[in-house]
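Each reported figure results from applying straightforward, stated rules to the coordinates on display, with no laboratory input. These numbers come from a predicted model, not from an experiment. Cβ sites come from the backbone with ideal geometry, for glycine too, and all protein chains shown count toward neighbours.
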Amino acid sequence: MTAPTPHHFIALIEDACTSCLICVQECPTWCISLDSHHEEVSEPGARRPRTVSVLDDFRIDYGLCMYCGICVDLCPFDALEWRPRVGYQAEGRDDLVHDIARLDGGTSDG
Ligand code: SF4
Ligand code: SF4
């Protein structure tokens, strides 16, 4: 893994996330939160529907994150990755909590 710098942020690749909760459980500062629900998916030829987890919400609190990279390293589905972000400014404490929209892509100015 490339060592992150203070100007790197974590991007969530939403379609790759299976809501497995590994990142939530392993984050040493408990700064990742996630909500999901289950849906049944019927596939042609399958004898019964398959249950899949659907991501509803995913947040990282950058007020607590220490940029250790454990979440990126442990995600089994490569749904998290470091991305450079330039010119980011937070207006206040609440602005440091990034939801799916702000984590998606991770390259905007915040
Ligand atoms: S980089 Fe470390 S502290 Fe930040 S969200 Fe990932 S596991 Fe948590
Ligand atoms: S470890 Fe990866 S796949 Fe699992 S919940 Fe976190 S981001 Fe999603």
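Below are the figures for this structure:
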{"quantity": "Label-point separation in nm, S33 to D73, each point 7 Å along Cα→Cβ", "calculated": "2.7"}
{"quantity": "Estimated dipole of segment 8-103 in Debye, rounded to 20 [Cβ of Lys and Arg +1, of Asp and Glu -1, Cα centre]", "calculated": "180"}
{"quantity": "Per residue Cα convex hull volume in Å³ - calculated over segment 8-103", "calculated": "107"}
{"quantity": "Efficiency of FRET from Cβ geometry, E91 and S53, R₀ 41 Å, rounded to 0.05", "calculated": "0.80"}
{"quantity": "Mean separation of Cα contacts under 8 Å, 6 or more apart, over the residue count of the chain: relative contact order %", "calculated": "36"}
